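First up is the structure itself, then whatever we jot down about it.
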Amino acid sequence: MDWFPLLNSLRIALLSTILVFFAGLFAAHRVTRLPQPVLRSALDALLTLTLVLPPPVIGWLFLRCFGPGHMLGYWLRQFFGARLVMNWPAAALVSALVSFPLMYRASRGAFARFDAGLTDVARTLGRPEAWIFWNIQLPVCRRGVAAGTVLAFARALGEYGATAMVAGYIPARTATVSTALYQSWSGGDDAGAAFWVVLSILLSGACLLAVGVLENARKEEL
Amino acid sequence: MKLRVDIIKTVGSLRLDAQLEAGEGTLALLGATGSGKTAILRCIAGLSDPDEGRIMIDGEPLFDSYRHVSLPPQKRKIGLLTPGYALFPHLTVQGNIAAAVDAKPDRERVSVDALRRFRLVDAADKKPRQLSELERQRTALARLWASHPSAVLLDEPLSVIDSFLKFGLEQELSDFVRGFDGPVIWASHDRGEVYRNCPSVCVLENGVTQEVISAERLLSHPGTEGAARLSGCKNIIGAIPRHNAIFIPEWGVTLRSAYPIPPFLTRVGIRAHQVRITEPALVNTFSVTVERVIEDVSSTIVLLRPNGASVDAPLLRMELDRNTWRTTPDQRNLTVSIGPQDILLLR
């Protein structure tokens, strides 16, 4: 049995989730504090766009930026000797784009419900803004943020459309659970396909179960 | 130490214009809900900026729009107690207190000291939602104390508390305020709370502060209609000065005052419990008809129509001891009097 696609999927999802965690928190924190409701709604829409766009659209746009013949791809090659196509970091980056809205939405909701009075009191007590964010706001919103993180992880784990476009399917190099499943099926290997199907259902189910537990715990706390 | 505030700010449809000075003794900021108390306190604490003006503590500017000074709240050392206390829900009592201590090495020592001082030793490891109302207030005060503020602002500290708990909480709050060495501003809409705890009062009406007066004077000479209402005066009616007396057109009644009548007089206030049933022919007597009787918890409220009153004139509200009312022989037609010293002369 070749376990590489699972391990590759996990490392892609992990790197993607780390990127999305910080980017999502930062964006949600900034947007929540904007005073203009119209601007907030516009940014909410913009930052959630990749959730509803067909993943190949994101894959195509990604290739237009990082493809070897395009500007960012060219620079990367010139200055770092690196490329961001047909490898797992490219898959992680594009998965991050796809799963970002899940993290953003969940954190944004949690931050919007957060009592700004706690921040105000912490300020009058002399605590710096960064300290307040990491020690008060984030712990109070931890369940919403954790739920968003798990969802983003699950989404990255199952990403197919954009990943297939930027990383393709190279056995033992860029194969993921989804692309391996597609390859097994198109090659007539039904047993192989079924194996990846069962594994995907188990992994996704476990993630959703974790989200459910987190959300119920939050409701009980309120 | 003195806290001086002289600021202007527009908040929504409300125009704040606040001038006050708090030094020795607690200063009450007495105003109705929505009169701008919280907005003023937030400006002092640095949580929002006034449009214009100055906020000084001990001659040092916290905010000065003319010299472009606006210290962040972290640097102002102004303690703020908000309704509901805003305790950090995920931290223990001790954690909440420690969060107020700047220097890491002092955290343990100061928070243990605060736990002892505010009688919270047994609750040290509890989370805020496991605490009683009294312990929650103690935690908020301990946290405030641990941050070493140079001034303290109390924003309607007792407004969200059930009334049967209020008395005990108010006493502890009062002890804290008395023991605090620095200016204290106690914002409230409750005249009783103010009278019991604050020697001086600044009345706030629609965002505009009146001059600071003593709590005694607020009751005897509130000065403006808004201050009279906030001080609990139930009867306020239009009046005009006439021949060294006061004429109330709507009631067709002329009253004498024990004090000189200011030329700007437009209204008078009469406290419900200072309306007395009396014999005719004394000073300031007039005859009235009883319109309605309401039994209150510990007194009787009687609504009276002066016999010379116009049809749509407001009724005179009288409040008296239940026994006195029960033993009044004629409960339909009365003669009442108002002491010349009890008439509040208002602008």
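Bear in mind these aren't lab numbers, they're just calculated from the coordinates by the rules spelled out. Just so we're clear, the structure is a prediction, and the values are computed from it rather than from any experiment. So basically every Cβ, Gly included, is an ideal-geometry build from the backbone, and we count neighbours across all protein chains shown.
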Taking alpha-carbon centroids only, the range A:134-190 lies from the range A:56-80 a number of Å equal to 21
As an exercise, find the ratio Rg/Rh for the range B:286-347 from alpha-carbon atoms, using the Kirkwood inverse-distance average for Rh.
0.98
Show the residues, 5+ positions off or on another chain, whose built amide H is closer than 5 Å to the amide H of B:Ala151.
B:Gly79
Positive-end residue of B:Leu120, B:Val275, B:Gly238, charge dipole of the protein assembly as shown with Cβ unit charges:
B:Leu120
What is the local net charge at B:Ile236, summed over the other residues whose Cβ is closer than 11 Å to its Cβ (Lys, Arg +1; Asp, Glu -1)?
+4
So if I average 1/r over every pair of distinct C-alpha atoms in the range A:146-208 and take the inverse, what Kirkwood radius in Å does that give?
12.3
Whole-number percent relative contact order across chain B, with pairs defined as alpha carbons under 8 Å at least 6 apart
17
Whole-number Å³ per residue for the convex hull built on Cα positions in the range B:13-56:
88
Debye intensity ratio in log₁₀ form over the Cα atoms of chain B, taken at each q of 0.11 Å⁻¹
-0.83
Around B:Val203, which amide H atoms from residues at least 5 apart in sequence, or from another chain, sit under 5 Å from its own amide H, with H modelled in the peptide plane?
B:Leu30, B:Gln210, B:Ile213
Quick one: grab the alpha carbon gyration tensor of the range B:235-346, order the square roots of its eigenvalues as a ≥ b ≥ c, and give me rounded if a/c is under 1.5, else prolate or oblate depending on whether a/b is larger than b/c.
prolate
Can you tally the net charge around A:Gly69? Count Lys and Arg as +1, Asp and Glu as -1, for every other residue whose Cβ sits under 14 Å from the Cβ of A:Gly69.
+3
Three-way shape label, the range A:7-67, alpha-carbon gyration tensor, a/c 1.5:
oblate
Can you tell me the order of A:98-105, A:41-48, A:117-124 when each peptide is scored by its average per-residue count of other Cβ atoms within 10 angstrom, highest first?
A:98-105, A:117-124, A:41-48
Multiplying the sequence separation of A:Tyr182 and A:Phe80 by 0.36 nm and subtracting their Cα-Cα distance, what value in nm do you get?
33.4 nm
Answer in debye to the nearest 20: the dipole magnitude of the range B:38-165 about its Cα centre, from +1 Lys/Arg and -1 Asp/Glu charges placed on Cβ, is 460
Rounded to the nearest 500, what is chain B's calculated 222 nm mean residue ellipticity when only DSSP H runs of at least 4 contribute -39500 (n - 2.57) each, over all residues?
-7000 deg cm²/dmol
With the label point 7 Å along the Cα-to-beta-carbon line of A:Trp134 and a cut-off under 20 Å to each amide N, the hits in the range B:84-110 are B:88-92, B:95-108
Rank B:Val184, B:Leu219, B:Ser257 by how far each Cα sits towards the positive end of the charge dipole of chain B (+1 on Lys, Arg Cβ; -1 on Asp, Glu Cβ) and give me just the farthest.
B:Val184
Sites B:Gln19 and A:Leu61, calculated FRET efficiency, Cβ-Cβ separation with R0 60 Å, nearest 0.05:
0.50
In order over the range B:71-88: 3J(HN,Hα) from phi, Karplus 6.51/-1.76/1.60, θ = phi - 60°, whole Hz, x for each Gly or Pro, gives 5, x, x, 4, 9, 7, 6, 10, x, 10, 10, 9, x, x, 6, 6, 6, 6
Lys and Arg at +1, Asp and Glu at -1: neighbours of A:Leu203 with Cβ under 13 Å from its Cβ sum to 0
About the Cα centre, and with charges only on the beta carbon of Lys, Arg (+1) and Asp, Glu (-1), how big is the dipole of the range A:4-221? Nearest 20 debye, please.
540
From the phi of every residue in the range A:139-156, what ³J(HN,Hα) in whole Hz does the Karplus formula 6.51 cos²θ - 1.76 cosθ + 1.60 yield, where θ is phi - 60° and glycine or proline is x?
x, 5, 8, 4, 5, x, 5, 5, 4, x, 5, 5, 4, 5, 4, 4, 5, 5
Relative contact order as a percentage, the range B:213-335, C-alpha pairs under 8 Å and 6+ apart, gives 22
Within chain B: Cβ-based charge dipole about Cα centre, in debye rounded to nearest 20 (Lys, Arg +1; Asp, Glu -1)
160
Of A:His29, A:Pro101, A:Leu125, which is farthest on the positive side of the dipole of the range A:22-138, counting Cα position, with +1 on Lys and Arg Cβ, -1 on Asp and Glu Cβ, and the Cα centre as origin?
A:Pro101
Hey, got the average number of other protein chain Cβ atoms within 10 angstrom for residues in A:112-121?
5
Per residue convex hull volume, Cα atoms of the protein assembly as shown, in Å³:
238
Between B:Ser287 and B:Asp6, what FRET efficiency follows from the Cβ-Cβ distance if R0 is 45 Å, with the result rounded to 0.05?
0.35
So what J values fall out for the range A:84-101 if you push phi through Karplus, 6.51 cos²θ - 1.76 cosθ + 1.60 with θ = phi - 60°, rounded to Hz, Gly and Pro as x?
10, 9, 6, 8, 6, x, 5, 4, 5, 5, 6, 5, 4, 4, 6, 8, 3, x
For chain A, how big is Rg over Rh, using alpha carbon atoms and the Kirkwood form of Rh?
1.04
